[in-house]
1. Under the rule of at least 5 residues apart or a separate chain, name every residue whose amide H is placed under 5 Å from the amide H of A:Gly50.
2. Taking chain B as the reference, fit the longest principal axis to its C-alpha atoms, fit the long axis of helix B:69-90 to the helix C-alpha atoms, and give the angle between the two in degrees, 0 to 90, nearest 10.
3. Can you quote the Å³ per residue value for the convex hull of the Cα atoms in chain A, rounded to an integer?
4. Could you work out how far helix B:11-23 tilts from the main Cα principal axis of chain B, as a 0 to 90 degree angle to the nearest 10?
5. Report the label-to-label distance for B:Lys285 and A:His24 in nanometres (one decimal), using points 7 Å from each Cα along the Cα→Cβ vector.
6. With each run of n ≥ 4 DSSP H residues scored as -39500 (n - 2.57), what mean residue ellipticity at 222 nm is computed for chain B after dividing by its residue count and rounding to the nearest 500 deg cm²/dmol?
7. Which of the peptides A:62-74, A:199-211 is most tightly packed, and how do the rest follow, judged by the mean count of other Cβ atoms within 10 Å per residue?
8. Which whole-Hz couplings ³J(HN,Hα) result when phi for each residue of region A:232-244 is put into the Karplus expression 6.51 cos²θ - 1.76 cosθ + 1.60, θ = phi - 60°, listed in order with x for Gly and Pro?
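Values quoted throughout were computed directly from the atomic coordinates according to the rules given, and no laboratory measurement underlies them. This structure is a prediction, so every number in the text was calculated from the model and none was measured. Ideal geometry is used to build each Cβ from the backbone, glycine not excepted, and the neighbour counts take in all protein chains shown.
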Amino acid sequence: MDTKTEKIIHDEARNLHEEILKKHVPSLDFPIRSLDNVTYDKKKGYFEIGDKVKERTLSYNTVKTFAQTIRMMALSYEIVKKNDIATKREAYYVSKNWGEARFSEQPESDTVMDDIEAHFRLNREKLGFIPEEKGGDVAGKLVVIDKDPATGKQLQIDCTKFGSGAYSIPNACEELKFETSARFILAIETAGAFQRLVKHNYYNLANCILISLGGVPTRACRRFIRRLADDKKIPVYAFVDGDPYGITNIYRTLKVGSGNNAHLNRFFCVPQASFLGVTPQDIIDFKLKDATHPLQEVDIKRAKDALKNDPFIKYHKPWRDAIEQMLQMGVRVEQQAFAKHGLNYVFEKYLPAKLKNPAKFLP
Amino acid sequence: MPPKKKAPAKKSSVTHVTKQAKDSKPPVPPEKSRPESATEADRMATKQREISVSEFFLKNRHLLGFDNAKKALLTTIKEAVDNSLDACEEAKILPEILIEVKQLQEDRFVVVVEDNGPGVVREQIPKIFGKLLYGSKFHSMKQSRGQQGIGISAAGMYGQLTTGVSTKITSRISAKKPAHYFEIQIDTARNVPTILKDEIVDWKKPHGTRVAIELEAKYQKGRHSVEDYVRQTILANPHVTLTYLSPLNEKEEYKPASKQLPKAPREIKPHPHGVELGILMKMLKSSTSRKVKAFLSRDFARVSSRVAGAICKAAEISENSWPKAIAHAEADKLYRAINATKLMKPPTDCLSPIGEDALLNGIKKNVEATFYTAVTRPPSVYRGNPFQIEVALAYGGKLPVDELVDLIRFANRVPLLYQQSACALTKSVLQTAWRNYAVEQSKGALPSGPILVAIHMASVWVPFTSESKEAVASYPEIIHETRLGLQECGRRLEAFIRKGRREAEALRKKDYIKSYLPHIGIGLREILRFKDKDEKKILDLLTDILERSRE
């Protein structure tokens, strides 16, 4: 299937083999995957991994992980060669046949898998591993063109035809094609807010595509939105809770990717996204003050942390100001708080009001 | 066996003790002045009479180590062997000892101890074996096993009391002289020997002593057994040849680990700071000096003429006073003055420790272990008495892992089998922080682990807590010195344990590495499709590489 992946793994194995034959201590390096080692460049639009690496040299302390990494590489090699796939969970169970080198918990095998991804600068889908996680839900003016897994026949999936349900984003979306006339994509944090908009056919009203992120968006979800937005050249607006988690985790990851997957962000980010709300200023503009909750200690810590360490937030003054404002107000607001003014206020008043001026959305 | 109490004992000492016993009676009734009280006092006076030491000890036999049948057997053997060894060493003869225990009835035994010592001259035999508090060692400031001159005659007396049978002694002092055979009983009322038989016999030994005592006893193996005692005696006396015949007709023979006699201990004069008021008075009374200044400088160690003068001055006593007069009047003043005067410590080269090498040999013969060490401390002084502590330690091997440390104690090379917890040597072990040395220890308990600790105290006068000589009294200096010895052994043990742990750790790491390295080979083979032979080569190379990188 993927001869490039095959070759990369084979080359690495041969390199290690030669090192060993030369009696050199074999070693593998891995880019450090954390916010400390990413840079943000607005032109590129995503977190780019820096050049800090950790070297895993074979020693008493590393021998177990080293052996597991090699075996995981061999497993990936085999899967790719056979044009097969394995879920992360399945890969974990394959290791149970490795005797002493087996993983005792899945997080261990996930970490090794992430290491290999980072080492090869390849996403795990390319290595033949797919995640378990659900990708996100879609409803609205979109037709997804997919293939029937059994027959290979083309399928046209109309995302307005799921009634009160929704289309689920698949794990692998590289081969999908899209047809749409929508004006924008609205990425929504909570299933609750998404449900209300679906129920009232908001996508018809506003001529848009609704996507439920379900918290921090998965890679597949980010990739789907990215491809859709790139392909159809339509803007992406995020509608999440007005709290540090909504801003610095959910929105930031959607837009520029995460620290942990910095080596893959160029695929898994949506640089064209902007922030519709809920902003701290919205609390004042839409009289939500009595529908807020005080910031918890963890919120304050997260906000201060972002101001200090998050290259994305640090880059954008409007974001620094917004977060400072939130800290100063000392409150957070949820996207469902608009129910205070009536259940449908959110799509009857709030969203139309905001959408009048997308240029004012936070970056 | 023993010329422990060798001949020249001073008679005065015996009288003195008898007198002390007399002194302990109620005071003599006052003169009759009022008739009514006189009648009562008269009546009381009829009951008041002298108590002989023999009678006293008969009633208080626990003081001598005869509190029960099992202990009686051990004490009897111990007293006889002590005397034999002391005699041999004093005569510079490498000791060859035979111990034989024969069972006659359920609770009746004969103990025979025979030595190749110098023998006892005929006239002294009855007194040594048939009179309590008769001996050569009580008055000498010199390291020896026996001290009081009680042991062997008390054993004979115990035998006589429980079986009615006399103590039988054979002794010969030279090949040119005949061997004498005695059967002796003690007249317990008067503390004098009664000779039942006194004849010349044929004996194959050119010199030596054999004593046989029949007694009521109990023979038991295990802790506090005769076998235990024999084993420990060999440990502390590696120069001894010993044969032991048990009641079960088992024969144990011990060849000497060294043919070197221990350095002969030297007799020293008492140090003034080690003398109590009573003893000082006694010494004043029996001194041959005519002036107190001369008495001080001649009868004590470390008192020069100048110092003696200073003491007299401090006591406000004329240097020329007659010692016997001072004994009555101003002894207390003199005693205080002595203790207020700074004196040189007593000489310490008079002691004869077992020595580190001999101790190590002894402990190696005694237990199978993986680590041995021994420390001989420099001599020190408690209350004017020189003493020296030695500690030996064995670890691992066949020693039991989950038990408390096996502690064996010696005083002047004699095993102390009873009263462990009352002993200063035990307290020293308790007060040592064994956890610092990688040894487990619960609070207030002996440490635990596969460890044997042997402690020896050598001294011109071992301060026992009782006449049965089972526990050393807790002088701070003794505990301090013993702890220093234990700490030194502890540090060496710790180094050994830690080294062992490091080696075990290295082995564990090697095993750990070995369990993962093959997977690197498997993984690479799966990708590169090389042959099994190559995989083996990879494994060997990786093993080499890791070995190198860990060094």
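1. Under 5 Å from the amide H of A:Gly50: A:Val38, A:Thr39.
2. Once rounded, one gets 90 degrees.
3. Cα convex hull per residue, to the nearest whole number: 153 Å³.
4. 80
5. Distance between label points: 9.8 nm.
6. Taking each H run of at least 4 residues, the total per residue is -12500 deg cm²/dmol.
7. A:62-74, A:199-211
8. Values, residue by residue: 9, 6, 10, x, 10, 10, 9, 10, 10, 4, x, 9, x Hz.
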